[in-house]
Amino acid sequence: MTTIGIIGAGNIGSQVARKAIESGYDVVISNSRGPETLADLVAELGPKATAGTAVQAAEAADVAVVTVPLKAYADVPVGPLADKIVIDTNNYYFERDGHIEALDKGEATVSGMLQAHLPTSRVAKGFNHIPAVDITGDAHPAGDPARRALATASDFADASDFVTKLYDEFGFDTVNIGPLSESWRVERDRPAYVIRQNIAELEANLAKAPRTV
């Protein structure tokens, strides 16, 4: 059974944990305050969930989800995530993270920065442009005309393929943007960001996204 290690137990992390367990995965979840602060969440999630430190979540993970504020991305453990797929849910909020010149100028991407921090991991964009509540509340089976589409991007085919598989298991269709260098198309304030859209609508919104906002 695949274990998903979740680094960050905020709104997105806790909702991904709920859907992952519903889909049959084991979960090890962490936050910056210590495993003991996650007792209530783990009790709610049930026996397939455990709490740990960020390092323990990374070590236990077959696949990891990084869902910490962007300003904390450099604290994500590197060694324990070597040779693993890492799903990055991050967004750049300069109000919270401080201004990052390379992002302001359109010279970098959020997930590309995490990939540079994790050079031996295979980073894929995922879950960054959906409100957290909709991860559990807006799922539909394959073929349902109401099914929502989400985007992913990666420099590694197996990483984007895993996100596609996970989206499908969670109840969403996928549009693969391509490499991480194109992942800005689904970042904050672009047309595809946190709106409900099907595959055709998502593809159109990705195509018309401006490089800087």
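The values are calculated or read from the model by the stated rules, or taken from the named source; none is laboratory data. Computed from a prediction, not measured in an experiment: that's the story for all the values here. A quick note on method: Cβ atoms are made from the backbone with ideal geometry, for glycine too, and the neighbour counts reach across all protein chains shown. The protein model used for the area step is the full one, side chains on, heavy atoms only, and it has no ligands, DNA or RNA in it. Shrake-Rupley method; radii C 1.70, N 1.55, O 1.52, S 1.80 Å.
Scanning segment 104-123 for residues that are hydrophobic (A, V, I, L, M, F, W, C), touching a helix residue (DSSP H, G or I) at 6+ places or on another chain (Cβ under 7 Å) and free of Cβ contacts under 8 Å to residues at least 40 places away in the same chain gives a single hit, Ala108. Just so you know, in segment 1-28 the residues that are aliphatic (A, V, I, L, M) and over 14 Å from the mean Cα position of the chain (by Cα) include one that is surrounded by the most Cβ atoms within 10 Å (Cβ to Cβ), and it is Val27.
Taking the conditions exactly as written (at pLDDT 95 or above and either more than 21 Å from Ser23 (Cβ to Cβ) or within 12 Å of the chain's Cα centre (by Cα) (or both)), does Thr136 satisfy them or not?
On the way: at pLDDT 95 or above: yes; either more than 21 Å from Ser23 (Cβ to Cβ) or within 12 Å of the chain's Cα centre (by Cα) (or both): no.
In short, no.
The strands (runs of 3 or more DSSP E) found entirely in segment 112-185 that carry 1 or more residues being closer than 15 Å to Asn90 by Cβ are 122-125, 149-154.
Among what's in segment 52-98 and is of a type in the set (Phe, Trp, Tyr) and farther than 26 Å from Glu36 by Cβ, pick the residue that is most open to solvent (accessible area, probe 1.4 Å).
Of all residues in segment 52-98, those of a type in the set (Phe, Trp, Tyr) come to 73, 92-94.
Next, from what is left, pick out any that are farther than 26 Å from Glu36 by Cβ: 92-94.
Working: Tyr92: 30, Tyr93: 70, Phe94: 85 Å².
Within segment 52-98, the match that is most open to solvent (accessible area, probe 1.4 Å) is Phe94.
Scanning segment 172-213 for residues that are free of Cβ contacts under 8 Å to residues at least 40 places away in the same chain, open to solvent by less than 60 Å² (accessible area, probe 1.4 Å) and among the small types (Gly, Ala, Ser) turns up Gly178, Ala204, Ala209.
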